[in-house]
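Some notes on the structure that comes next.
What follows draws every value from the coordinates through simple rules; no lab data is involved. What you see is a predicted model; the values in this text were computed from it and never measured. As a convention, Cβ positions derive from the backbone with ideal geometry for all residues, glycine included, and neighbour counts pool all protein chains shown.
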Amino acid sequence: MNLKFKNRDSRLPCHRQSQRGNGYYYMIKGVGIDIIEVARIKGIMEKYGDKFFKRILTDNEIAYCKKFSDAELHFAGRFASKEAYSKAIGTGISKDFGWKDIEILNDERGKPYINHVKQSEYSKFKFHISISHTKEYGSAVVVCEE
């Protein structure tokens, strides 16, 4: 197999060829993971109502979460997703990345994806996201691919 590398210093290709179709293999730039207790989110909902979520989520995200009778599970997943994203890009929540710079949406089949609301140096990368929750915990994993 003849492998092409985007960066000659790279020695290992990704496990699959990029969808971009230019023949290059792309590397993982970062991985972020986060977990949060659903009870903590439920407590925030009871104490602050929508005020807290309007600070960290877009209107689309809030509307999505409120569709469910167990909205706190979905709010927890969205919160964990943004934390995981901030870890994948290596900045954390900071002046380089704000809560509303991205939003987590779902495609027609329900698969979550990251929409860059605010264009930044990270917008050029491809992101993969997985969100999961139980009654007790919400979690998310984000992979940043070059």
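Take each peptide in 107-115, 52-60, count the other Cβ atoms within 10 Å of every residue, and average; sorted highest first, the result is 52-60, 107-115.
Taking max minus min of the alpha-carbon positions on each principal axis, region 29-145 gives extents of 37, 29, 24 Å, largest first.
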